[in-house]
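Novice: One structure follows; several queries about it will come next.
The values are calculated or read from the model by the stated rules, or taken from the named source; none is laboratory data. Since the structure is predicted, the reported quantities are computational estimates derived from the model, not experimental observations. Every residue, glycine as well, gets a Cβ built from its backbone with ideal geometry; the counts of neighbours run over all protein chains shown. Side chains are part of the model used for accessible areas, which takes the heavy atoms of the whole protein and leaves out ligands, DNA and RNA. Shrake-Rupley method; radii C 1.70, N 1.55, O 1.52, S 1.80 Å.
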Amino acid sequence: MWELDEEHEAFRRTCRDFTDREIRPVVDEAEQAGAIPMQLWKRLGAAGLLGLVTPEEHGGSDADALAVALLAEELSRATGGIAVTALVSGYMAAPHLVRHGSPDQQRRWLGPLAAGEAMAGIAVTEPGTGSDVAGITSTARPAGGGWTIDGRKMFITNAGLADVLVVAARTGGPRHSGITLFVVPTDAPGLSVGRPLRKMGWHSSDTREVVLDGVAVGPEDVVGTENRGFHQIMEGFQLERIALAGMGLGHAAECLDLVRSYVREREAFGAPLARLQTIRHRVAVMEIELDSARLLTHRAAARLSSGHPEAETSVARAKYVAAIAANRIVDEAVQLFGGAGFVEESPVARHYRDARVLRIGGGTDEIQLEILAKGTAG
C-alpha cells in the first residue's frame, strides 16, 4: 500500500481536524489533571472515533485496522496520554467483545463504548507478569454456578475511569491452556483500584493497580471460550500493536513538523539552522525513518484486515520499527531544539516522554524480535 485511498485520506483529515479543534486546546489541562476531560470523551464518541471496529448495529462503523492506525497517529500528534485512553477502550478492550462477546455482552457494552457513554480497560498485566502472558497468577475459581476472581493487575490504563474491564484470570491448567477472559463492571463488589501511578510519560492517561478480592462473576460474564483466553489475548494483540505503531508515527510526525519550523527560524552563526548541511541531513534522516515506519505500519494494517498469512509477522515488524523510529526521531528533535527542547513544557519534551513506552507496551521490542526470529534456530 503506497498511498491512502480517498476514503482513508478523508478519514485522516477528519481525525486531524478533530485533534486540532478538540484535543490540542485541552492538552495542558489533561496533563496536569492526569486524565482525559470527560467532556472530550463524549465528543470522541459523538465523532465516531471510539467505535471504528464496532459493528454498525452496535453504533460503530465497522472500519478496518488502517483506520485505527490513522486515528492513533493523528491523536498522538497532540498527546500520547489522551490518545492511549481512547485506543485502549476502543481498540484494545472493546474488540474482545466485538470478536468473542456474547450477544448480551455486546448489547450491554458496545453501544455505550462506541458513543463515549462508557469507557473500558483491559486487565492482563500483573505485578510479576508482563511479557509472559501465560504466566498470570490471578485466579477464577468455580463458585455458586459462576466464578470468584482473586488477584492483582498492574499498569492498567483507564482503571480509575473505566466502567468495565476485560479481565484475564486462570481457570484451568498451567501456562497457555488455563486462562479465561471475563467482562467485569468496575463497580463489582471486591474490585478496587489504587492511586494513579506517576509515570515518565502519558501524563494525561489514568494508570493504576487493580485489585480483585473475591469478585463474583457469572457464567454469562465469560468472554469467548473458557480456557481459551491466552489465544484471544494474542489475537487482540494484533490490532493493539497496530494502534501503538500508529502512535509512534504520530509522535514522530509531530516532532518532525516542529523541527522543520524551528530550524528555519532559529539562527546560529549568523544564519538559520537549516542553512547548515549537517542539520539538513539530520532532518532528511528523520523523514526517511518516519516514511519507512509508516509504510510498514500501513501494510501491516492492510494485511491484518485482509487475513493475510503473514499478518502477524508484518504487525510485529511494524510495531518494532515504528517504536524504534519514534524514539530516534523524538530524541533527535530534542537535540535539535537544544535547551528549548529540554524544558518540560516543550511539546518535543512531552513527545520524548510519551514515545518511550512504545518500546515496552503491547509487547516489548524483544517480544517482537522473537516473533520475527521464529524458526531461525532450526
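Novice: Would you mind finding the one in V315, V343 that is of a type in the set (A, V, I, L, M) and free of Cβ contacts under 8 Å to residues at least 24 places away in the same chain?
Specialist: Exactly one residue qualifies, and that residue is V343.
Novice: Next question, about the same structure. Report whether or not T129 is open to solvent by 10 Å² or more (accessible area, probe 1.4 Å), within 20 Å of D213 (Cα to Cα), in contact with a helix residue (DSSP H, G or I) (Cβ under 9 Å, 6 or more places away or on another chain) and hydroxyl-bearing (S, T, Y). Before the answer, list the steps.
Specialist: Values: open to solvent by 10 Å² or more (accessible area, probe 1.4 Å): yes; within 20 Å of D213 (Cα to Cα): yes; in contact with a helix residue (DSSP H, G or I) (Cβ under 9 Å, 6 or more places away or on another chain): yes; hydroxyl-bearing (S, T, Y): yes.
It is true that T129 is open to solvent by 10 Å² or more (accessible area, probe 1.4 Å), within 20 Å of D213 (Cα to Cα), in contact with a helix residue (DSSP H, G or I) (Cβ under 9 Å, 6 or more places away or on another chain) and hydroxyl-bearing (S, T, Y).
Novice: How about the range 218-231: which of its residues are part of a helix (DSSP H, G or I) and open to solvent by 10 Å² or more (accessible area, probe 1.4 Å)?
Specialist: Listed by number, the residues that qualify are P219, E220, D221, F230, H231.
Novice: Hey, another quick one. Any residue in the range 7-17 that is among the small types (G, A, S), open to solvent by 20 Å² or more (accessible area, probe 1.4 Å) and at pLDDT 95 or above?
Specialist: yes
Novice: Inspect all residues belonging to the range 9-29 and state whether any of them is touching a Ser or Thr at 6+ places or on another chain (Cβ under 7 Å), on the phi > 0 side of the Ramachandran plot and not aromatic (F, W, Y).
Specialist: no
Novice: List the helices (runs of 4 or more DSSP H) inside the range 27-123, counting only whole elements, that have at least 2 residues being open to solvent by 10 Å² or more (accessible area, probe 1.4 Å) and over 19 Å from L358 (Cβ atoms).
Specialist: Passing ranges, in order: 27-33, 38-46, 94-100, 103-115.
Novice: Could you list, ordered by first residue, the pairs with Cβ atoms under 6 Å in which the first is in the range 201-218 and farther than 25 Å from E29 by Cβ and the second is open to solvent by 40 Å² or more (accessible area, probe 1.4 Å) and assigned to a strand (DSSP E or B), at least 6 apart or interchain?
Specialist: As it stands, the answer is V210/V193; V211/R152; V211/S192; L212/D150, since those pairs meet every condition given.
Novice: Going through T186, T171, T157, T180 one at a time, which residue ends up being under 17 Å from the mean Cα position of the chain (by Cα) and either open to solvent by 20 Å² or more (accessible area, probe 1.4 Å) or β-branched (V, I, T) (or both)?
Specialist: Criteria check complete, one pass: T157.
Novice: Turning to a different aspect of this structure: When you scan the range 342-378, how many residues do you find that are over 17 Å from the mean Cα position of the chain (by Cα) and outside any helix (DSSP H, G or I)?
Specialist: Qualifying residue count, the range 342-378: 10.
Novice: Condition test on D104, is it of a type in the set (D, E), touching a residue at least 60 places away in the same chain (Cβ under 8 Å) and either closer than 18 Å to L304 by Cα or in contact with a His (Cβ under 6 Å, 6 or more places away or on another chain) (or both)?
Specialist: Spelling it out, it is not the case that D104 is of a type in the set (D, E), touching a residue at least 60 places away in the same chain (Cβ under 8 Å) and either closer than 18 Å to L304 by Cα or in contact with a His (Cβ under 6 Å, 6 or more places away or on another chain) (or both).
Novice: Right, V215: farther than 18 Å from H96 by Cα, part of a strand (DSSP E or B) and open to solvent by 40 Å² or more (accessible area, probe 1.4 Å) or not?
Specialist: no
Novice: Which residue pairs have Cβ atoms closer than 9 Å, lie 6 or more positions apart in sequence or on different chains, and pair a first residue in the range 21-32 that is at pLDDT below 95 with a second residue that is small (G, A, S) and open to solvent by 40 Å² or more (accessible area, probe 1.4 Å)?
Specialist: Matching pairs, first to second residue: none at all.
Novice: For F155, are the conditions met, namely being more than 26 Å from L40 (Cβ to Cβ) and aromatic (F, W, Y)?
Specialist: no
Novice: Can you work out which of the residues in the range 335-351 that are touching a Gly at 6+ places or on another chain (Cβ under 8 Å) and surrounded by 21 or more Cβ atoms within 10 Å (Cβ to Cβ) is nearest to H203 (Cα to Cα)?
Specialist: R350
Novice: Do you know which residues across the range 232-273 are more than 20 Å from R328 (Cβ to Cβ), over 19 Å from the mean Cα position of the chain (by Cα) and open to solvent by 60 Å² or more (accessible area, probe 1.4 Å)?
Specialist: Scanning the range 232-273 gives R264, E265, R266, E267, F269, G270.
Novice: While we're looking at this one, here's another question. Hey, can you tell me all the residues within the range 287-321 that are part of a helix (DSSP H, G or I), open to solvent by 50 Å² or more (accessible area, probe 1.4 Å) and among the small types (G, A, S)?
Specialist: Within the range 287-321, S292, S305, S306 meet the criteria.
Novice: Here is a further query. Here are some conditions: (1) open to solvent by 10 Å² or more (accessible area, probe 1.4 Å); (2) under 30 Å from L52 (Cα atoms); (3) touching a residue at least 12 places away in the same chain (Cβ under 8 Å); (4) not hydrophobic (A, V, I, L, M, F, W, C). E332 meets all but one. Which one does it not meet?
Specialist: (2)
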